[in-house]
Amino acid sequence: MKKRKLIVFSGPSGSGKTTLAKLILQKKTGIEFSISATSRNPRGDEINGKEYYFLKLDEFKRKINNDQFVEYEEVYPNKFYGTLKSEVNRIWDNGHHVIFDIDVFGGLKIKNKFPKETIAIFIQPPNLKTLEERLRKRKTDNDSSLKERLSKAKLEIEIASKFDFIIINNKIEESCKSAIRKIEEFLNA
Ligand code: 5GP
């Protein structure tokens with residue numbers, strides 16, 4: 001297995017990082033999306049092995065004890081999310097670079113574990129009001145989970161400066177162009 005590069009997209013839920021990561025995957029070859037494991041239930045038409053590997057909470061905890069994660073976080077109470085070592089190896093074995101769409105703390109853990117191989121990009125919503133509007137439009141959260149996401153977003157924005165780059169996601173096409181520019185500089189360095 002040859003180690004390739006790691007491209008981390010982090011930012012508050014609703015910052016647009018998933019849309020951005022998907023757009024980059026369409027525009028650039030040689031990059032593959034890291035499918036995270038999670039103990040939360042599937043939402044809407046999410047499929048196991050596509051959006052996430054959905055695990056029961058005890059299964060997730062067993063994998064933590066067996067040291068099977070590169071990183072994991074209890075992103076919300078009792079809702080764990082993590083990157084399996086096997087997932088990164090699967091993508092590296094395919095000869096691809098890995099793109100992650102993960103929470104801020106997990107993103108920094110990857111950067112700390114693989115400082116030379118990682119570019120960590122923070123996707124910031126223009127402001128908290130816009131973030132709240134985006135989350136409400138998604139209609140995937142009830143009021144308490146929306147509050148949970150907004151209070152976490154404030155914490156996340158405070159540590160954005162620890163990332164290699166911050167992209168303020170006003171217009172998705174422009175954000176995509178600057179992200180691709182940064183990624184290409186990094187991959188070609
Ligand atoms: P959602 O429930 O909306 O799919 O995701 C909630 C949060 O968990 C998002 O901020 C998402 O980026 C983050 N997340 C997804 N996968 C991972 C992962 O593997 N590790 C960590 N630390 N966070 C993740």
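The values are calculated or read from the model by the stated rules, or taken from the named source; none is laboratory data. None of the values given here were measured: they were computed from a predicted structure. As a convention, Cβ positions derive from the backbone with ideal geometry for all residues, glycine included, and neighbour counts pool all protein chains shown.
Quick one: what pairs do we get from the stretch 7-19, first residue of a type in the set (F, W, Y), second assigned to a strand (DSSP E or B) and near the ligand (Cβ under 8 Å from one of its atoms), C-beta under 7 Å, 6+ apart or different chains?
F9/F100; F9/D101
In the stretch 107-131, what residues are farther than 22 Å from V70 by Cα and within 15 Å of the ligand (Cβ to nearest atom)?
If the condition is that a residue be farther than 22 Å from V70 by Cα and within 15 Å of the ligand (Cβ to nearest atom), then Q124, P125, L131 are the ones that fit.
Show the residue pairs meeting these rules: Cβ distance below 8 Å; 6+ apart or different chains; first residue within the stretch 172-189 and in a helix (DSSP H, G or I); second residue at pLDDT below 95 and hydroxyl-bearing (S, T, Y).
These pairs meet every condition: I172/T19.
Quick check on the stretch 154-189: of everything there that is of a type in the set (G, A, S) and touching a strand residue (DSSP E or B) at 6+ places or on another chain (Cβ under 8 Å), which residue is nearest to S13 (Cα to Cα)?
Within the stretch 154-189, the match that is nearest to S13 (Cα to Cα) is A160.
Take the residues of the stretch 160-171 that are within 16 Å of T118 (Cβ to Cβ) and assigned to a loop (DSSP other than H, G, I, E, B): which is nearest to the chain's Cα centre (by Cα)?
This residue is F163.
Across the stretch 1-46, what is the number of residues that are within 13 Å of the ligand (Cβ to nearest atom) and over 12 Å from the mean Cα position of the chain (by Cα)?
Final tally of qualifying residues: 8.
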